[in-house]
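Chemist: Pasting in a structure now, in structure tokens, and then I'll have a few things to ask.
The values are calculated or read from the model by the stated rules, or taken from the named source; none is laboratory data. Keep in mind it's a predicted model, so treat the numbers as computed, not measured. No Cβ is skipped: glycine too gets one built from the backbone with ideal geometry, and neighbour counts run over all protein chains shown.
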Ligand code: ADP
């Protein structure tokens, strides 16, 4: 894509000429395209739980005079699931805006891996199909913003459950590297091809798995990377197609 600003004129021989500036705007076009794609995905992702919520509320309204009806608890559960989905989506959108505006402030405290996992478990969406196995020392301490680190772990574990639906076990591995603490989330899912890996932590980036529709906005890994960078840590992935992926991050240990 090029953008030309200037004017066309005819020279003395009658030939058309252009005088002005020609800019290569391919990169901007790609970004605009990704934003457009993102907006359409975001609208679709929000519409699905809102439609489900609306359906549940309409049915509840019709049955409001019959509170003993056994369908009522199911409708309330459906409404709750939908509201949670909407909340997660809105949180991701808000976090992205905050991150872009440099408003990600960290509130450092010391906490153990066990304490972190207790906080995370309410937000994990493994749907009973997966088991989370923790390897390493749960009493290991981290010095970080616990809420933000929970968010990263939840993103990585939920991704493992989503993209490796047939894997029974997801491993959460904790290692003390001396200068830092390393947390890895390992799945035996489909893995990711090398040409995609470089983009995984980009904003709005999603791998196109032809045929399979996974819900998501392409923001989870981007937000996770921003959180870890803000902690002066590192984030990455070791992955092999057909074998699975290990997403990991490190957070510096507290200097005495
Ligand atoms: P989202 O899940 O909303 O698409 P993310 O930023 O969390 O956004 O992930 C970006 C992309 O990385 C996903 O679309 C998916 O293709 C890929 N991905 C993330 N985690 C895994 C995983 N454990 N196994 C395979 N692919 C993954």
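Chemist: Got at least one residue in the stretch 125-144 being away from the ligand (no atom under 16 Å from the Cβ), crowded, with 20+ Cβ neighbours inside 10 Å and under 15 Å from residue 181 (Cα atoms)?
Modeler: Yes, the stretch 125-144 contains at least one residue that is away from the ligand (no atom under 16 Å from the Cβ), crowded, with 20+ Cβ neighbours inside 10 Å and under 15 Å from residue 181 (Cα atoms).
Chemist: Which strands (runs of 3 or more DSSP E) does the stretch 107-208 wholly contain that include 1 or more residues that are in contact (Cβ under 8 Å) with a residue 40 or more places away in the chain, more than 23 Å from residue 231 (Cα to Cα) and under 17 Å from the mean Cα position of the chain (by Cα)?
Modeler: It comes to 180-187.
Yes or no, residue by residue, for (1) in a loop (DSSP other than H, G, I, E, B); (2) under 16 Å from residue 156 (Cα atoms); (3) within 13 Å of the ligand (Cβ to nearest atom); (4) in contact with a strand residue (DSSP E or B) (Cβ under 7 Å, 6 or more places away or on another chain):
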| site | (1), (2), (3), (4) |
| --- | --- |
| 217 | yes, yes, yes, no |
| 227 | no, yes, yes, no |
| 237 | no, yes, yes, yes |
| 254 | yes, no, no, yes |
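Chemist: Follow-up question, since we're still on this one. Quick one: which residue in 171, 108, 204 is within 16 Å of the ligand (Cβ to nearest atom) and at pLDDT 95 or above?
Modeler: 171
Chemist: List every residue pair whose Cβ atoms sit under 6 Å apart, with the two residues 6 or more apart in sequence or on different chains, where the first one lies in the stretch 215-243 and is under 20 Å from residue 40 (Cα atoms) and in contact (Cβ under 8 Å) with a residue 12 or more places away in the chain and the second, anywhere, is near the ligand (Cβ under 7 Å from one of its atoms) and part of a loop (DSSP other than H, G, I, E, B).
Modeler: 218/205; 218/206; 221/200
Chemist: While we're on this one: Kindly indicate which of 82, 13 is surrounded by fewer than 11 Cβ atoms within 10 Å (Cβ to Cβ) and over 30 Å from residue 253 (Cα atoms).
Modeler: Only one candidate qualifies: 13.
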